Amino acid sequence: MTNTIERPALPDHLSIDPRSPHHLAAVFEHDIGIRFNDKERMDVEEYCVSEGWIKVPAGKTVDRKGKPLLIKLKGKVEAFYR
């Protein structure tokens with residue numbers, strides 16, 4: 001018996017912040033992986049495949065609302081389901 005679950009297509013631009021216009025809750029029901037410059041990253045907050053960048057936390061620094069400060073890294077980005 002095979003369990004085939006229909007997964008939505010991964011978007012070009014995705015964010016984990018629910019307040020972002022690039023957040024899609026249906027995608028986060030499945031386990032997603034991000035490969036950046038041929039290395040898998042676990043700390044990605046936002047990505048854009050077509051523009052070739054990811055946003056990751058800048059250490060332990062936070063803004064005045066308690067959210068981590070993000071830095072943008074440019075390179076080859078691949079998103080996939082695990």
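Figures for the structure shown
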| quantity | calculated |
| --- | --- |
| Eligible lysines near LYS76 by straight Cα distance, threshold 22 Å, same-chain separation 8 or greater | LYS39, LYS55 |
| Label point distance in nm, HIS23-LYS60, each placed 7 Å from Cα along Cα→Cβ | 2.6 nm |
| Within a Gaussian network of the chain (alpha carbon springs, distance under 10 Å), most fluctuating of GLY33, GLY66, GLY52 | GLY66 |
| Segment 19-31 - phi-based ³J(HN,Hα) in whole Hz, Karplus 6.51/-1.76/1.60, Gly and Pro as x | 7, 6, x, 9, 8, 10, 5, 4, 5, 7, 6, 10, 7 |
| Size descriptor, Kirkwood hydrodynamic radius, that averages inverse alpha-carbon separations across the chain, Å | 13.8 Å |
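Here, each number is a calculation from the coordinates, and none is a lab measurement. Note that the structure is predicted; figures quoted are calculated from it, not measured. Reconstructed Cβ throughout: ideal geometry from the backbone, glycine too, with neighbour counts over all protein chains shown.
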